[in-house]
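Visitor: Attaching a single structure in structure tokens format; questions to follow.
No lab work stands behind these numbers, since they all come straight from the coordinates. Note that the structure is a prediction, hence the values are computed from the model and not measured. Cβ atoms come from the backbone with ideal geometry, glycine included; neighbour counts cover every protein chain shown.
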Number of protein chains: 2
Amino acid sequence: MSGEAIPGGRRHARHHAKPPAPIAQPRRASISPLTVKRLSLYLRCLEQLAEDGRATVSSQQLADALGLTAAQVRKDLGYFGQFGRRGVGYHVDDLVRRLRGIFGTDEVWNVAVVGVGSLGRALLGYKGFLKKGFRLAAAFDSAPGKIGRTFGGVTVRAMAHLPSAVKRQRLRLAILAVPVEAAQEVADAICDAGIKAILNFVPATLTVAEDIAVIPVDLAVQLEQLSYLVNAPAGGRRAR
Amino acid sequence: MSGEAIPGGRRHARHHAKPPAPIAQPRRASISPLTVKRLSLYLRCLEQLAEDGRATVSSQQLADALGLTAAQVRKDLGYFGQFGRRGVGYHVDDLVRRLRGIFGTDEVWNVAVVGVGSLGRALLGYKGFLKKGFRLAAAFDSAPGKIGRTFGGVTVRAMAHLPSAVKRQRLRLAILAVPVEAAQEVADAICDAGIKAILNFVPATLTVAEDIAVIPVDLAVQLEQLSYLVNAPAGGRRAR
DNA sequence: AACTGTGAAGCCATTCACAGCT
DNA sequence: AGCTGTGAATGGCTTCACAGTT
């Protein structure tokens, strides 16, 4: 009811490589979500390395830092181009730039926070997003008592203002943090307003159009994963 | 590098079914984390169905509600026992009970919140965890200004009290929400105190003993996944 | 000598398809 | 007839292993 059959479009004419590759954002061809998730971890790690002043890093070092294999690091990066230099490794600053290009976070994305309960407020107060290329730039709620109040420098507006804000502020991402009863209705409004992707903190499965991306973050589910692991007689531990 | 080589034991002499099967928590044999995650979603969905007064549900209906296939639902459940009745489906209340047994959440788990910044406070204020079997029962911080204050009915204590609280309150899970610089140090303290699993909100990879489970929840990473999907010229949308 | 990039192999997860209950 | 439980087939992700580059 959501992970629809993928269009499965034919695409991607493979033009053969160029040695170091010109700019970021090269070929594409439906990359696994697992790969994309690891890409985020590579980026986070590389940003740390850059801050520490490291110039280059090998796939093995990256793998060790994240609990992966060197081959996997190379393969993941290989889907997007040839970013390394044989015998040398990857240039940290360069790879950071390329990864940001892949995510689009070389430019700042404005993000809407919809639902300003305690979680929404906590997110508005977190200053770490900007460094990663995300600015929580607008907040919406339906409670009259919240509208007009300011959290983390952002003034809460009525839901009715969402569509115009989407255009004016070029909002493409929304963080959904409303009560579970309201979730689907609000999600519909968000999509109608022109938002392209939703980070869903609500413990409910949203039904949205095919071209809207949704990533669920259900904290109770995460705790359950943990209690399973602790409860399990045998079996694997999780990484990190 | 984490998902250790599996024992791979031969086991499970197939003793032919017992109609409804005795109690929950039957066989086990290193289940995929992906399966465990879906199990949480089944449970969430079933709890909703139970609230709505539904008596039975088929694998197809469950699959439709979550964007999966009926075969996958049956296979996932099949790892843990024979919970359904052919020709009928699954009894909702029964399956809820069995799934809770698998997660261990038929009893309430006390959880420690370590780091009472805005995110920690928001979590302490969220009342939805208890219904899922988790009680945020203790909070710790190192800032003198926070110690003694109460959030969501929980009084913040100094980190030094963690070890005794672990024993007294039988804390096995901790939510880590401290600043990134302190994360590894605090994680070490948490593990020393006897905590068995960590929900890690800090954007850093923790190094912990093999027998400690860690599940990372990096919100910037999640936003990056979304921006990738929106940025991507072609390719799949995510579910939910 | 060090290290990347990448086909091929291996492994794991999902889907298929159907036997077996109700 | 309806629906589960599960081997077998399929498909996808990861690891291997090595050619290629610095």
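Visitor: What is the average number of partner chain Cβ atoms found within 10 Å of a Cβ in B:210-219?
Guide: 6
Visitor: Let me check against my output: what whole-number percent is the relative contact order of region B:45-91, with C-alpha pairs under 8 Å and at least 6 apart?
Guide: 40 percent
Visitor: Beyond a 31 Å Cα-Cα separation, which of these cross-linked pairs lie in this structure: A:K196/B:K196; A:K131/A:K167; A:K37/A:K127?
Guide: From A:K196/B:K196; A:K131/A:K167; A:K37/A:K127, over 31 Å: A:K196/B:K196.
Visitor: Can you compute 3J(HN,Hα) from phi for each residue in region A:195-200, using the Karplus curve 6.51 cos²θ - 1.76 cosθ + 1.60 with θ = phi - 60°, rounded to whole Hz and x for Gly and Pro?
Guide: Running phi through 6.51 cos²θ - 1.76 cosθ + 1.60 with θ = phi - 60° gives 5, 9, 7, 10, 8, 9 Hz.
Visitor: Karplus couplings for region A:118-131 from phi (6.51 cos²θ - 1.76 cosθ + 1.60, θ = phi - 60°), rounded to Hz, Gly and Pro as x?
Guide: 5, 5, x, 5, 4, 5, 4, x, 8, 8, x, 5, 4, 4
Visitor: Students often forget the sequence filter, so: which aspartates and glutamates lie under 19 Å Cα-Cα from A:K75 once same-chain residues fewer than 8 apart are removed?
Guide: A:D64, A:D94
Visitor: Can you sort A:E181, A:E224 by how many other beta carbons sit within 10 Å, fewest first?
Guide: Going from least to most buried by this count: A:E181, A:E224.
Visitor: Next question, about the same structure. What is the sum of charges, Lys and Arg at +1 and Asp and Glu at -1, for the other residues whose Cβ falls under 12 Å from the Cβ of A:I190?
Guide: It works out to a net charge of -1.
Visitor: Here is a follow-up. Averaged across A:162-174, how many Cβ atoms of other chains sit within 10 Å of each residue's Cβ atom?
Guide: 1
Visitor: Assign one of three labels to region B:118-175, namely rounded, prolate or oblate, based on the Cα gyration tensor with a ≥ b ≥ c the square roots of its eigenvalues; rounded applies when a/c is under 1.5, prolate when it is not and a/b is larger than b/c, and oblate otherwise.
Guide: Here region B:118-175 falls in the oblate category.
Visitor: Hey, another quick one. Could you list A:E107, A:E47 in order of exposure, starting from the residue whose Cβ has the fewest other Cβ atoms within 10 Å?
Guide: Going from least to most buried by this count: A:E107, A:E47.
Visitor: How far is A:G53 from itself in the other copies, in nm, if each label sits 7 Å out from Cα along the Cα-Cβ line, shortest first?
Guide: Inter-copy label distances (nm, one decimal, shortest first): 7.1.
Visitor: Going by Cα centres, region B:147-179 and region A:176-190 are how many Å apart?
Guide: Cα centres, region B:147-179 to region A:176-190: 32 Å.
Visitor: With an 8 Å Cα cut-off and a minimum separation of 6 or more residues, compute the relative contact order for region A:100-226 in percent.
Guide: In percent, rounded to a whole number, it is 21.
Visitor: For A:S164, place a label point 7 Å from Cα along the Cα-to-Cβ direction in every copy; what are the distances to the other copies, in nm, shortest first?
Guide: 5.9
Visitor: Using Cα pairs closer than 8 Å and at least 6 residues apart in sequence, work out the relative contact order for region B:47-136, in percent.
Guide: 25 percent
Visitor: Determine the shielding of peptide A:97-105 by partner chains: average, over its residues, the number of Cβ atoms on other chains within 10 angstrom of each Cβ.
Guide: Across A:97-105, the average partner-chain Cβ count within 10 Å equals 4.
Visitor: Another question, if that's okay. Rounded to whole Hz and in sequence order, give me ³J(HN,Hα) for region B:54-64 from the Karplus expression 6.51 cos²θ - 1.76 cosθ + 1.60, θ = phi - 60°, writing x for Gly and Pro.
Guide: Computed from phi, the couplings for region B:54-64 are 6, 8, 10, 8, 9, 4, 5, 5, 4, 4, 4 Hz.
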